[in-house]
Amino acid sequence: MGLLDWLVGGSKNEANGQSSGCSSCPSAGECVSAHGSINEMYKVTQQKGISTVFDRYKAQQPQCQFGMQGICCQLCSHGPCRISPKAPMGICGATADTIVARNFLRLELHGVAAYAHHLEEVAKTIKATAEGKTPYKIQDEVKLREIAGAIGLDTTKDTNALAIDLANSVLNELRKGTEEPLALVETFAPATRKEVWKKLGVIPGGVHSEIRDGLTKSMTNITSDPIDLLLTAVRLAIATGYMGLVGTITLQDILLGTPGISESEADLGVIDPDTVNIVAHGHVPLVATAVLDAIKDPELQKLAKGAGAKGIKLYGSMCTGEELMQRGNTNGGYGGQLGNWINQEFMIATGAVDLVMMDMNCSIPGIKAVADKFHTKLVSVSHILRMAGVENMDYTPEKVAQQAKELVKKAIETYKLRGKEVHIPQNKSKAIAGFSVESILGALGGSLDPLLDAVKAGSIKGIVAVVGCTNNRNGHDTRGIELTKELIKRDILVINSGCMSSATQFAGLMKPEAAELAGDGLKGICKALGIPPALNFGSCVDIGRIGVAVTAIANALGVDPSQLPVAASAPEYLEQKAIADGVFAVAFGLLTHIGPVPPVTGSALVTKVLTEDIETLTGGKVLVEEDPVKAAEAIEAHIIKKRQGLGI
Ligand code: XCC
């Protein structure tokens, strides 16, 4: 279905609930997910009368078309105003263009703020660590010195003093005014990009100040110019790209270690019925890392055995889980990845999860009702996450070693309450993880040349980042998996992160054997290197890692990112952080495929700017295509055009 069909007809939501397009599921006709394990668990929840995201989705149909097109404004007490041929303006006079652009910017602002929150947590933790107040240790001193040197800090200082300076500098960058350009943009953005952004007036300043101005502008009756609202979205996205994404991954690497290639496992079948089972669920992997340490404590192991368990395991869920997997936590009690956000109710419904520690976003309200049907204990480990009836143990860097032990003790106590009715699907899949610019360079012998040669020779036609959330509207993980398969078949290397990483892990696309599904050129490269055709780059913030990789390739070839045979795709985007990611990719000059259709179709102007006009400004644009085969065709055509432009 193309964009025009959507403008005319809106969403048909055809894949949900009764998907027949899901090739990975043997029970086509009644499956809700691309994964056998989730379909199996859905039956269990249905038998037990437990409401899940799939049931509630059905109950919400049909959904409001004004909301879906972005033409409902609820900002003031005169509203809600809904734009229609009979009422083409809101009561204040706002047009569909203003309302759509303003709603879009407001959505993005939430994502920008969440990324800034994550970065601030990590920066404060680095500072406390360097001051000797936490159990963490600076793991990547080389990276610390590199980035500190690049932004002009005094690198003759010792490691801890330098780490404090870096943390202070990042905290200052978050807080400075909008008129002071961000140091990370100045330092790391390709010169050609900075030129484009300067012309557009979108070089951002301090992130908090940008958020303040963005929120103020998008209040009722302040900025009504849709183009200015969209440019503000671009400015905020660039701030996010270099702070919330690149800044966060850099600091996390310094603190927790830069990912190296390792092997892991994913899917619900990794759950061990005989151990105390803790799940790290969210996006900020700080408490999870402390818990991994805590579970090695002989005292706690003894307690667990005393309770009748064979041991204690920590599993990953969503992006916190991907962070754990990326850092090769293959022993010491790490149990594997339980999946992406749609899986959260189903992992609990196995009856074998004792404690879920929830940090930051994507813990859905529905998780509590499911946990209440089982013995599972939920604990918020972030001061910004509150759920009625859920215990809080807010992450505090100085106390985290003790907090981690308490969490493990709580899990052991809860394990004792575990019922006999445990249902764990058998599905699990091997997954290679830990890809990053550094680990790829390591695998290639220290130079990007072998990869670039493969791209020049056409064995790898191009590279596409298939990232972001998963979305039930399109059939859980179905579109992302189908798109990935279509791309690798066309010799296009795929990089995954966020919920899309879990999707392709479950589907077996991150094991080296998946090379067989690739076209001959890509297959040959994968086999020679022993890598899968879909590379795990990690979590949502690791989209920053993809930005770093694209910059490295562009620099190596001496071209602008917009000239590369590269594209981005969020085939099942869900929430506000993904909007910031998508706008950043467009600002970076990339063709950016998005599904489902974002709520902008109520404005012909905004739709045209995002899908056409912006290409003349940034070199990137949004591609909306619901059909994964057609999306792959369009992306491939784009990649071929870029190859021709480079004369390869
Ligand atoms: Fe949440 Fe990161 Fe989106 Fe998944 S991918 S739905 S943000 S868990 Ni980032």
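Readers should treat all values here as calculations from the given coordinates under stated rules, not as data from a laboratory. This structure is a prediction, so every number in the text was calculated from the model and none was measured. Virtual Cβ from ideal backbone geometry, glycine too; neighbours counted across all protein chains shown.
Observations, loosely collected:
- Under the combined filter of DSSP loop state and at most 11 neighbouring Cβ atoms within 10 Å, segment 337-435 retains these trypsin sites (Lys or Arg not before Pro): R386, K420.
- Overall form of the chain per C-alpha gyration tensor (a/c, 1.5; a/b vs b/c): rounded
- Estimated dipole of the chain in Debye, rounded to 20 [Cβ of Lys and Arg +1, of Asp and Glu -1, Cα centre]: 860 debye
- Segment 572-648 and segment 255-312 have Cα centres lying 39 Å from one another.
- The residue among P135, P259, V466 whose Cα reaches farthest toward the positive pole of the charge dipole of the chain, with charges on the beta-carbon of Lys, Arg, Asp and Glu, is P135.
- Most positive-pole-ward Cα, V379, Y315, M325, against dipole of segment 262-415 from beta carbon charges: V379
- Per-residue ellipticity at 222 nm, computed for the chain from helices alone with -39500 (n - 2.57) per DSSP H run of at least four residues, works out to -14000 deg cm²/dmol.
- When you restrict to C-alpha pairs under 8 Å that are six or more residues apart and normalise by the size of segment 437-646, the relative contact order lands at 22 percent.
- Each Lys and Arg Cβ is given +1 and each Asp and Glu Cβ -1; about its Cα centre, segment 437-646 then shows a dipole of about 180 debye.
- When D477, D581, D372, D154 are sorted by how many other C-beta atoms sit within 10 angstrom of their C-beta, beginning with the fewest, the order is D154, D372, D477, D581.
- Over segment 43-134, relative contact order from alpha-carbon pairs under 8 Å, at least 6 apart, %: 16 percent
- Under 23 Å from K143, Cα to Cα: lysines that are on another chain or at least 8 residues apart: K124, K127, K133, K157
- Annotation: aspartates and glutamates with alpha-carbon distance below 12 angstrom to K630 (same-chain offsets under eight excluded): E482, E486.
- Those lysines that a straight Cα-Cα span of less than 17 Å connects to K373, excepting residues fewer than 8 apart in one chain: K43, K48, K416, K420
- A straight line joining the Cα centroids of segment 319-392 and segment 147-189 runs 34 Å.
- Bridge orientation summary for the chain: considering DSSP beta bridges with both residues in this region, about 15 percent are antiparallel.
- When L286, L229, L338 are sorted by how many other C-beta atoms sit within 10 angstrom of their C-beta, beginning with the fewest, the order is L229, L286, L338.
- The charge dipole of segment 96-256, taken about its Cα centre with unit charges on the Cβ of Lys, Arg, Asp and Glu (plus for the first two, minus for the last two), comes to roughly 160 debye.
- Normalising the average separation of contacting C-alpha pairs (under 8 angstrom, six or more residues apart) by the number of residues puts the relative contact order of the chain at 17 percent.
- Which listed pairs, of K313/K410; K523/K577; K199/K621; K409/K430; K305/K377, have C-alpha distances above 22 Å, in listed order: K523/K577; K409/K430
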